[in-house]
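Chemist: Below you'll find the structure I mean.
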Amino acid sequence: MAEWEPMPTEWRRALAVVAHPDDLEYGVSGAIAKWTDEGREVSYLLATHGEAGIDALDPADSAEVREREQRAAADAVGVSTVEFLEHRDGVIEYGPALRRDIVAGIRRHRPELVLTINHRDTWGGTAWNTPDHRAVGRATLDACGDAGNRWIFTELIDDGLLPWDGVRWVAVAATSSPTHAVDVSDTVERAVRSLLAHRTYVESISDESPEDYCRSVQDAATGAGAEQFGGVPAVAFELFAR
């Protein structure tokens, strides 16, 4: 089994693009905390407000709760910029509208590194991925190329969003084919706190205490592949270079 390589460090700005509040807190936030500690700038772009994620809450109420919890989760790992698009939770459609919105985010933030989560049909084996994750992950990969092409989504130029062809890497988390990783030995506790910020959501999906649930999630996310990365807690990514 091949060992993972360290993630590139020759970058200053990253943009994380995901479908829902909490997507980044299921493992990735430990790496983000390490990067912000190093003085790097990380921004979040979420396709939805996660309004369909809590069965007991009306979507309008859920959207308010989940946005508030996501901002608290981001703050726990040093992220101050959290933007929400207006795509509908559960029925995100891959296509030009989604790509355009992500391109706009890339042109606004001008990252060298873009993060997203698994865009494939499964989580590995027969564990089926959700339509929202597949759509957003795939659109993010495509948008990194679109962002540098002035003849795609020309209306964005009219809005002052000039082409940005500076994305050097796209890092996909929660993949069954990881290639690189980040040592999160010093930031696991903050990753636990970032997931715990989603308390309302966590309480809706688990009978465990939120503290125990968040701890077990982070231990699983950062410990599963430690043997491939020097035996330390690590967040793994599949890295696509551009």
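Chemist: Can you tally the net charge around D212? Count Lys and Arg as +1, Asp and Glu as -1, for every other residue whose Cβ sits under 15 Å from the Cβ of D212.
Modeler: Neighbour charge sum, excluding D212 itself: -3.
Chemist: Sticking with this structure for a sec: Connecting C-alpha atoms closer than 10 Å in a GNM of the chain, tell me which of A174, A221, A56 has the biggest fluctuation.
Modeler: Judging by the Gaussian network model, the answer is A56.
Chemist: Take the alpha-carbon centre of the range 202-231, take the same for the range 155-179, and report the distance between them in whole Å.
Modeler: The range 202-231 and the range 155-179 have Cα centres separated by 28 Å.
Chemist: Moving to a separate point now. Can you compute the FRET efficiency between D165 and E203 using 1/(1 + (r/R0)^6), with r the Cβ-Cβ distance and R0 = 51 Å? Round to the nearest 0.05.
Modeler: After rounding, the FRET efficiency stands at 0.70.
Chemist: Each label point is 7 Å from the Cα along the Cα-to-Cβ direction; what then is the distance between the points at S216 and T130, in nm?
Modeler: That separation, rounded to one decimal, is 2.0 nm.
Chemist: Can you give the % of DSSP beta bridges in the chain that are antiparallel, to the nearest 5?
Modeler: Of the beta bridges lying entirely in the chain, close to 35 percent run antiparallel.
Chemist: Have a look at A171, A226, A60 and tell me which one the Gaussian network model of the chain (Cα, springs below 10 Å) gives the largest fluctuation.
Modeler: Largest GNM mean-square fluctuation: A60.
Chemist: Only helical DSSP H runs with n ≥ 4 go in: add -39500 (n - 2.57) per run for the chain, normalise by residue count and round the 222 nm mean residue ellipticity to 500 deg cm²/dmol.
Modeler: -11500 deg cm²/dmol
Chemist: Turning to a different aspect of this structure: For D158 and S80, what does the FRET efficiency come to when R0 = 30 Å and r is the distance between their Cβ atoms, rounded to the nearest 0.05?
Modeler: 0.60
Chemist: Evaluate E = 1/(1 + (r/R0)^6) for W123 and E5, where r is the Cβ-Cβ distance and R0 equals 30 Å; express this FRET efficiency to the nearest 0.05.
Modeler: Working from the Cβ atoms, E equals 0.85.
Chemist: Carbon-plus-sulfur fraction of the accessible area of the range 121-242, 1.4 Å probe, in percent?
Modeler: Carbon and sulfur: 49 percent of the exposed surface of the range 121-242.
Chemist: Something else now. Which helices of the chain meet both criteria: a Cα extent of 18 Å or more along the helical axis and a mean Kyte-Doolittle score no lower than -0.5, with helices taken as whole DSSP H segments?
Modeler: Membrane-span-like by this rule: 96-109.
Chemist: Give me the dipole magnitude in Debye, nearest 20, for the chain about the Cα centre, with unit charges on the beta carbon: positive for Lys and Arg, negative for Asp and Glu.
Modeler: 880
The values are calculated or read from the model by the stated rules, or taken from the named source; none is laboratory data. No experiment lies behind these values; they were computed from the predicted model shown. Reconstructed Cβ throughout: ideal geometry from the backbone, glycine too, with neighbour counts over all protein chains shown. Heavy atoms of the whole protein, side chains included, go into the accessibility calculation; ligands, DNA and RNA do not. Shrake-Rupley method; radii C 1.70, N 1.55, O 1.52, S 1.80 Å.
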